[in-house]
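Coordinate-derived values only; no laboratory data. Source: prediction; values computed, not measured. Glycine gets a Cβ as well: all are built from the backbone with ideal geometry, and neighbour counts include every protein chain shown.
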Amino acid sequence: MTKKRSKALDNKCPSCGAPIKFVPSLKKWKCEYCNSEFDLEEMQKHNNASNIKYNQDSIIDDYDDYVTYTCQDCGAEIVADSQTAATFCVYCGNTAILKNKLSGKFSPDAIIPFKKEKQEAIDAFVNLAKGKLFVPKNFTKKDNIEKIRGIYIPFWLYDIDIAGSIDCNGTKIRSWSTGNVQYTRTEFYKMYRTGSMDFFKIPVDGSKRFSNDIMNSIEPFDYSGLTKYNHAYLSGFYAEKYDVPSDEASVEARRRALESGKNAFLDDCRGYSQKNIVRNTLETKIKNKYYVLLPVWMVNVKYNNKSYIFAMNGQTGEFVGNIPLDILKVIVWTILIFGLVFGLVIAIAWIL
Amino acid sequence: MKKFYFIIICLFSFVLPVLATPTTYERNENNHYGVNKKWSINDNNLEKILKTPYVNADERIYDFANILDYQTINSLNLLIEDFEKETGFTFVFISTNNYYVNDIDHENYAVDFYDYNDFGINDDHYSGVLLYRNATSLSPYYALYTFGDAQLYFDNQRINEILDSVYNDFILKNYSQGIDTIFKKLNSYYDKGIDSRLKDSYINDMGHLVYKEPFNIPWILAFIIASFITSLFICWNISKQKMVIKAKDAKDYLYKPSINFSFREDKFINSHTTSHHINTSSSRGSGGSRIGSSGGGHGGGGRRG
């Protein structure tokens, strides 16, 4: 077990020195004590609003598996796991940004700041049952939300080029009638294509802690919102550092790019009723990679003693998660629809 | 002398009635050519009307060929009386020795005989059954034709079964037994009622059998369609609740203007052509009427022999 010493930062109000948080809807930092608001430029003037005096004195004991630090405001000793890059003091609620977790090779290239507020994530969950027939009664009640956290999730973004060729088999089917005879002509073709295409910023979740499928499901992020990383954006949110290395994450990005590449090649073979690739030499080449932090609201729900995880894209508001099925409702609807259609078919047959 | 009287009595009792030819009347304009049914008389059918024997429709047996003996006639009269009482359909027997080359000529003669005489006149559809026997050795033929509502009870399938069952009797001229069998079967079919294939069919004003496909509840079809639509509906709604999906591709990140194909070739390899007949038949099976020169409909059929 190695032990390192590093600093824990938090962001203080330049006016009053109280803890200050980033407010997504204002796109500014707002002090809840003196109501002062600051934009990024103003925060930077004050050294990202970090109170050096306090932070210089704070000590972080960084072990391989966990981190302990002393809260500058209340003096409590807080424990966080080794992936945590920004967290809160559980006693006084102050933000603690573990700067060494986000520096050096862990220093993000860019960040998309939160645009969606916590309340929007709650509203999204509460309204989740709309248009869905099989949601259990009371599942989307606000009270079922056990925990809701705004987290900056580490992502790898890859610019990938694809080049190569494919060989396909294809068929064209044509039918016509002459008198009482119907003819069907099936023509067989070989198609060859050589070409290339570019993919930009394919995201891959860089944290093992979060389900890749959930992270895939809240895609896409609007990359026009990417901005240069500044740890001040972490105020008021949790943050993770990556624990999936770039080489490992790139496998998934290449797989996705190849799949889309093959589809694009097949789409170019037009006019065929059936087509399938018999050989392809498509290769991927990573042109650029970026390490970014992307905003996600994680919503933990407890219902009937079972836990469910939902996530909301903190930028676009895309809300995903698997809602449990109310089996009784499924049965009732099945009987209802079956009976209705069955009766309708018989009625139509009788009329005709 | 006694022997002479016995012969005379026998002659009057047995031979003369058998040899008696049915009385026919002249058709002319004054009696509207003997046609009292609703058929219109025109240039197309006048010749056929005039060729058709005009008879007293109160009788039922017209043995122009003299093939029935006295006993058979008596027995047939009783059978007809019972049949008409039971069914309400008129029953007519006609025999002839006319020579016809084509089977259809037999049918035309028999049907015209029924249509242009007053058989079934008291029934809206002139319902009845006609047993026809052509006894000529050159073109022997026997047939059962049905008119009006009798077409529903005695459809072509049933008539064919009856004709098949009496084939030997008619070939061997065993008319007594053949006629007996015919009535047994007719009565039996009448008791069974209209066949399920014709239960929704009906007879129109002109005596045509209008075939209507009976409504059979399409249980299996309804089950399949209902299962399919229900499955789609349920799966679609379940999928709405399963929002976590593994990303399969990266189409959102493909820069479309960057797609560049430096080589394209589509090579024809071979082809094959298949064909099949389109079934355009509108036939709906047995049960449809044929139309006589009168315009009225009739069913039934006949056999050579």
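Some observations on this one:
- Calculated [θ] (222 nm, deg cm²/dmol) that DSSP helices of n ≥ 4 give over the protein assembly as shown, each run adding -39,500 (n - 2.57): -8500 deg cm²/dmol
- Within the same chain, lysines fewer than 8 places from residue A:275 are excluded, and of the rest, those with a Cα less than 16 Å from its Cα are A:172, A:190, A:262, B:267.
- Chain B: most fluctuating residue of B:108, B:237, B:31 per GNM, C-alpha cutoff 10 Å: B:237
- Average other protein chain Cβ within 10 Å of Cβ, residues A:177-186: 4
- Taken residue by residue and averaged, Cβ atoms of other chains lying within 10 Å of the Cβ of B:267-275 number 6.
- Across B:95, B:258, B:75, mean-square fluctuation computed from a Gaussian network of chain B (C-alpha pairs under 10 Å connected) peaks at B:258.
- At q = 0.09, 0.11, 0.13 Å⁻¹, base-10 log of I(q)/I(0) for chain B (Debye sum, equal scatterers on each alpha carbon): -0.59, -0.77, -0.99
- When the Cα gyration tensor is reduced to axis lengths a ≥ b ≥ c, the ratio a/c is 1.5 or higher for region A:227-352, and with a/b not above b/c it is classed as oblate.
- Using only alpha-carbon positions in the protein assembly as shown, the gyration tensor eigenvalues give semi-axes of 102, 30, 19 Å once each is multiplied by 5 and square-rooted (largest first).
- For peptide A:254-263, the mean count of partner chain Cβ atoms within 10 Å of a residue's Cβ comes to 4.
- From the C-alpha gyration tensor of region A:299-352, square roots of 5λ in Å: 40, 17, 4
- When chain B is treated as a Gaussian network with alpha carbon springs shorter than 10 Å, the biggest mean-square fluctuation among B:273, B:23, B:90 belongs to B:273.
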